[in-house]
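A short write-up of the structure that comes next.
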Amino acid sequence: MPLSDRFTEALTYATQLHAEQIRKGSGVPYVAHLLGVSSTALEYGADEDEAIAALLHDAIEDQGGIETRDEIRRRFGDRVTEIVEGCTDAYTEPKPPWRPRKEAYIARIPTASKSVRLVVAADKLYNARSILKDYRVLGESLWEQFTGRKEGSLWYYRTVVETLRTVESHPLVDELDRVVSQIEGLASDRSASPNPKSDRDRV
């Protein structure tokens with residue numbers, strides 16, 4: 001499926017919106033995450049609207065709330081906007097408390113559209129892969145970057161996987177499950193060790 005100028009416009013817009021934003025801990029420009037999520041969605045069958053929504057999935061939440069939502073609708077239409085809204089867990093700053101916000105987000109997944117679930121799963125897979133990579137290097141200090149810390153983060157990713165599975169079976173969810181299971185396995189190994197260290201320390 002060839003991508004049109006709409007995708008190019010969305011990429012430029014997303015880059016502008018998130019220009020000052022970086023990934024937690026790594027300092028990597030945030031646009032790398034947006035590109036990764038969109039790429040993952042395309043690899044698992046996304047159409048152009050879904051790929052655009054993947055580029056913009058954090059735009060409402062992190063870069064302007066309702067005003068940004070209305071601009072997305074003006075530029076890219078109702079379907080893209082609805083997908084981005086479905087991926088948004090907060091519209092305001094400061095955001096509501098972490099745990100109830102995540103619980104409400106997860107509760108919406110079973111009734112979300114297939115397009116929303118695709119982008120949600122692509123987003124979580126990209127994040128889970130990043131967590132696994134960084135966990136192997138940083139060890140337990142990794143969890144200091146996350147509001148939910150270790151226990152909450154592990155709960156969140158496992159619950160997202162199980163909730164997605166209640167709706168349908170999909171290769172993307174299968175891959176997300178595999179990566180989350182690897183994180184859980186690593187966390188279990190570290191918890192069993194009296195002096196957990198990063199893999200780098202063990203070399």
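Going by the conditions given, is Ile106 in contact with a helix residue (DSSP H, G or I) (Cβ under 9 Å, 6 or more places away or on another chain) and surrounded by 21 or more Cβ atoms within 10 Å (Cβ to Cβ)? It is false that Ile106 is in contact with a helix residue (DSSP H, G or I) (Cβ under 9 Å, 6 or more places away or on another chain) and surrounded by 21 or more Cβ atoms within 10 Å (Cβ to Cβ). Applying the set (1) within 23 Å of Ser169 (Cα to Cα); (2) touching a strand residue (DSSP E or B) at 6+ places or on another chain (Cβ under 7 Å) to Pro29 leaves exactly one unmet item: (1). Taken as a whole, the condition of being part of a loop (DSSP other than H, G, I, E, B), in contact (Cβ under 8 Å) with a residue 24 or more places away in the chain, touching a helix residue (DSSP H, G or I) at 6+ places or on another chain (Cβ under 7 Å) and not charged (D, E, K, R) applies to His57. Quick check on Ile52: is it of a type outside the set (Phe, Trp, Tyr), in contact with a Lys or Arg (Cβ under 6 Å, 6 or more places away or on another chain), under 23 Å from Val31 (Cβ atoms) and assigned to a helix (DSSP H, G or I)? When the stated conditions are applied, Ile52 does not pass them.
Of all residues in segment 147-161, those that are within 16 Å of Ile109 (Cα to Cα) have Cβ atoms under 8 Å from Cβ atoms of residues that are acidic (Asp, Glu), 6 or more apart or on another chain, in Arg158/Glu184; Val161/Asp177. Among the residues of segment 3-42, the ones that are part of a helix (DSSP H, G or I), surrounded by 13 or more Cβ atoms within 10 Å (Cβ to Cβ) and not aliphatic (A, V, I, L, M) come to 10 in all. Residue count for segment 111-145, restricted to those that are under 30 Å from Arg79 (Cβ atoms) and surrounded by fewer than 17 Cβ atoms within 10 Å (Cβ to Cβ): 3.
Looking across segment 147-195, the residues that are closer than 14 Å to Arg99 by Cα, among the β-branched types (Val, Ile, Thr) and modelled with pLDDT of 95 or more come down to Thr159, Val160.
Filtered by the rule that a residue be within 18 Å of Val119 (Cα to Cα) and in contact with a Pro (Cβ under 7 Å, 6 or more places away or on another chain), segment 6-48 gives a lone residue, Tyr44. For segment 137-158, the set of residues classified as under 24 Å from Gly45 (Cα atoms) and either acidic (Asp, Glu) or out of contact with any Lys or Arg (no Cβ under 8 Å at 6 or more places or on another chain) (or both) consists of Arg158 only.
The values are calculated or read from the model by the stated rules, or taken from the named source; none is laboratory data. Not measured: the values here are computed from a predicted model. Every residue, glycine among them, receives a Cβ derived from its backbone with ideal geometry; neighbour counts consider all protein chains shown.
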